[in-house]
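What follows is calculated from the coordinates using simple rules that are stated; it is not laboratory data. What you see is a predicted model; the values in this text were computed from it and never measured. Positions of Cβ are backbone-derived with ideal geometry, glycine not excepted, and every protein chain shown enters the neighbour counts.
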């Protein structure tokens, strides 16, 4: 037994002041009152203005609307820590300082969503009503959709950067409207990773979160910088609440982790929920997903060492992206098990439209505990809708974006959330 | 009396071997070939009213062939369709599996028979398939199993492992009570509690591929292949960037190299910047030509085959494999180097 | 190894299985030739199961 460290009475923690958004409107000024978020289009457009963008348009779409968003890029939940952001989205809105302390104001139920064409972005669809709406985290939220026209001659990389900066700044600006409002809920988050009297003796369980870092338009930013060349590291879970992880990854729509999902990291939430009850939340390790096979091995080995040094007894390993990202999960699961750390991976199955193919492209060799996030090949039928945002057409089908269509689950934004947001799974069906 | 239609290939119909593999589908009254013994086993309750036959190459050529076969089958208004046994024959197994899948989709009860390691098996999807022996010398026992399965199905039973059922049982999407992250943490706790078996995903079984015998590459035709989606710059064959449903063949005759700008990768799963800077990073034509000139390669195949290996279903990937093997064999290619992205 | 192909030559990365952009053009060409030579060695070698042929 090691010595038990004492924790200062005022352990540094993060508090979330949650303001629910139950209705939205466009208006002359930006304001938040009684659950209604009103946005000034002119102010939003000025926040988004950038030399790389010729014009932008902002439009609300809400749950139950006969509407579809296509070409969905990133989605961000409005949050701020004070006027001008107060340190939220470190490295983008302000200096790259460690965050995860103090109070963060959250507009829960609202999202700022960029939608439109970028190179390498794969067609991503959100339904605002109908049976498919609940398969995406955006289907149950009020979404302020940002559509854009690139400036003539602007390089696509600049358009991407301008959108990322603008959407983050707009999200922080909207949350600022709630700074003086009485929160609906105040959530005290546990301090994580150190010794803590109430959790001594409980098994230490942590998260290992792979970030798909594969070049322009397929990248993830930590403290404002690409995480592509980094080694795995521990990140304070409060840091993800404060937007230290920002997505610029637009491939594999159903298998992507937008900024919104990092801000509400599902594995972190599940570990916090049981922290002090039957487990101790041991920490969050983030790791890049390199394209290079040797690097994949190195990152897996290093991640296992970081988890061991942090005293993990078990870890939930997650990915972003398609089949080659399965290897990043499987290599880490095996490396963790070899180090005596129990590993569980979340996998989206790629079992073909009829669900009869092998579910995982690159399974672990020694680890065995896997959670299914549904079959990304399963076909879905989408009804005709009145209105579409983000584009005129669905890229894959060359159909009007409002038309009735059949699509694989793979195209529905976050439908097989590899970070564990969704409730889809798979089970063996009886003989047809 | 139930009406049964039997599907077999050109070989078992007595038409011929490889030389007759292009035979188009045709229908004959009553049982043919192995159908005669099957009829004896099914009599007097059930009657094989017709046999539909087709050459292996034709049947494996694509969806149109299966549609032609199914049109002939439907003309006889069967209560049940039976296909095979196909043993370990790849194209015959593929055809039986596809016919079974098509019949299931059309609402016609069906059972196919083939060996468990037949590469066509997965194409049956959720349609019932029962095990046969490895080769025709196991015909008698294979037909016994098949006849029992036919009787069970026509009696309204469901086929199970007890009937010799093989192949994947379809996995279907369900909505769980909790999100995947919550379930993953619960699974981690179960795992810490000593449960090493708990999982939502069965460990996949990959095919055991019997390695081909070695060849001397300086004596034979060698092909270069890729799933890196390298195509002529205007992508004339419309290769998909993800979830490919097709593969393409492009000539290499007279080409010494693949200049940037004339070739590009349309793969959607990685940055194609490096591939487009130098297409040889995907398809090593320059090096292969050099080695051909030095005699290390007897002859470089006059075409390359390409698809996009990005989220491709295992069913399609398996089909591409079978079709590539047939295509290369017909071209007398004896060895191939496949670049994998 | 995990997907069971009988003869495997490991390469540098997913986007460039027959190249390595970190090398100079002539070095990269030599690397590619060594990869293909290793592939030819692989097809001329008897194997019984998945076997990795590393380029030295």
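Determine the calculated [θ] at 222 nm for chain A from helices alone, applying -39500 (n - 2.57) to every DSSP H run no shorter than 4 residues and normalising by the residue count; nearest 500 deg cm²/dmol.
Mean residue ellipticity, 222 nm, calculated: -6000 deg cm²/dmol.
Which value in deg cm²/dmol, rounded to the nearest 500, describes the helix-derived mean residue ellipticity at 222 nm for chain B, given -39,500 (n - 2.57) per DSSP H run of n ≥ 4 and division by the residue count?
So the helix-based figure for chain B works out to -9500 deg cm²/dmol.
Averaged over A:363-369, how many beta carbons belonging to a partner chain fall within 10 Å of each residue's beta carbon?
Mean partner-chain Cβ count within 10 Å for A:363-369: 5.
Please check: in the Gaussian network model of chain B (C-alpha springs, under 10 Å), which one of B:328, B:291, B:53 has the largest mean-square fluctuation.
Of B:328, B:291, B:53, the most mobile in the Gaussian network model is B:291.
Bin all alpha-carbon pair distances of chain A at 20 Å intervals from 0 and give each bin's fraction as a whole percent.
Final binned percentages: 27, 59, 15, 0.
Could you give the angle, 0 to 90 degrees to the nearest 10, between helix B:180-192's Cα long axis and the longest principal axis of the Cα atoms of chain B?
Compared with the principal axis, the helix lies near 80 degrees.
Could you grab the relative contact order for chain C? Cα pairs under 8 Å, six or more apart, rounded to a whole percent.
That works out to 53 percent.
From the Cα gyration tensor of chain C, with a ≥ b ≥ c the square roots of its eigenvalues, which class applies: rounded if a/c is under 1.5, or else prolate if a/b is larger than b/c, or else oblate? Mind showing how you got there, number by number?
On the way: a/c = 3.57, a/b = 1.76, b/c = 2.02.
Because a/c hits 1.5 or more and a/b fails to exceed b/c, chain C counts as oblate.
Can you tell me the orientation of helix B:314-330 relative to chain B, as the angle in degrees between its alpha-carbon axis and the longest Cα principal axis, to the nearest 10?
70 degrees
Per-residue Cβ counts within 10 Å, from other chains only, averaged over B:120-127: what number is that? Intermediate results must be reported in sequence, preceding the final value.
Numbers: counts 0, 1, 5, 3, 2, 7, 7, 4.
Average neighbour count from other chains, rounded to a whole number: 4.
Residue by residue through A:226-232, how many Cβ atoms from other chains fall within 10 Å of the Cβ on average?
0
Angle between the Cα long axis of helix B:139-154 and the longest principal axis of chain B, 0 to 90 degrees, nearest 10?
70 degrees
For segment B:41-135, what does the relative contact order come out to in percent, with C-alpha contacts under 8 Å and a separation of six or more?
RCO, segment B:41-135: 26 percent.
In the calculated pair distance distribution of segment A:111-242, what percentage of Cα-Cα distances lie above 22 Å? Could the numbers behind the result be given before it?
On the way: 5120 of 8646 pairs.
Of all Cα-Cα pairs in segment A:111-242, 59 percent lie more than 22 Å apart.
Please report the antiparallel percentage of DSSP beta bridges with both residues in segment A:75-179, rounded to the nearest 5. Working shown, then result.
Details: 4 of 10 bridges.
Around 40 percent antiparallel, to the nearest 5.
Report D for segment B:160-250 in µm² per second (integer): Stokes-Einstein, Kirkwood Rh on Cα pairs, 10 °C, 1.306 mPa s. Could you put the intermediate results ahead of the total?
On the way: Rh = 19.7 Å.
Rounded, D is 80 µm²/s.
Ranked by Cβ crowding within 10 angstrom, fewest neighbours first, how are C:37, A:176, B:253, B:47 ordered?
B:253, B:47, C:37, A:176
Restricting to bridges with both residues inside chain A, how much of the DSSP beta-bridge set is antiparallel, in percent to the nearest 5? Please list the in-between numbers first.
Values: 38 of 83 bridges.
Restricted to chain A, the bridges split so that about 45 percent are antiparallel.
Let me make sure I get this right: for segment B:1-47, a, b and c are the square roots of the gyration tensor eigenvalues over alpha carbons, sorted descending. Under 1.5 in a/c it's rounded, otherwise prolate if a/b > b/c, else oblate. Which is it?
prolate
Please arrange A:346, C:8, B:224 by how many other C-beta atoms lie within 10 Å of their C-beta, fewest to most.
Ordered by Cβ neighbours within 10 Å, fewest first: C:8, B:224, A:346.
Which of rounded, prolate, oblate describes chain B, given a ≥ b ≥ c as roots of the alpha-carbon gyration tensor eigenvalues and a/c under 1.5 marking rounded, otherwise prolate only if a/b is larger than b/c?
oblate
For A:92, C:53, B:270, what's the fewest-to-most ordering of other Cβ within 10 Å of each Cβ?
Numbers: A:92 21, C:53 17, B:270 25.
Listed from fewest to most nearby Cβ atoms, that is C:53, A:92, B:270.
Please state, rounded to one decimal and in Å, the Kirkwood hydrodynamic radius that segment B:204-341 gives when every pair of distinct Cα atoms enters the mean of 1/r.
15.5 Å
Show me B:159-165, A:78-84 ranked by packing, highest mean number of other Cβ atoms within 10 Å first.
A:78-84, B:159-165
Mind checking which of B:296, B:210, B:13 has the largest fluctuation in a GNM of chain B, springs on alpha carbons under 10 Å?
Looking only at B:296, B:210, B:13, the largest GNM fluctuation is found for B:210.
Would you kindly compute the Cα radius of gyration of the protein assembly as shown and its largest Cα-Cα separation (Dmax), both in Å?
28.9, 90
When only C-alpha pairs under 8 Å and at least 6 residues apart count, what is the relative contact order of chain A, in percent? Display every interim value, and only then the final one.
Working: 1118 pairs, mean separation 80.5, N = 432.
This gives 19 percent for chain A.
Specify the residue with the greatest mean-square fluctuation among B:133, B:321, B:193, computed from a Gaussian network of chain B linking alpha-carbon atoms under 10 Å apart.
B:193
How large, in Å, is segment B:292-337 by the Kirkwood hydrodynamic radius built from its alpha-carbon pairs? Can you show the working numbers first?
Details: mean 1/r = 0.0818 Å⁻¹.
Every distinct Cα pair counted, the radius reaches 12.2 Å.
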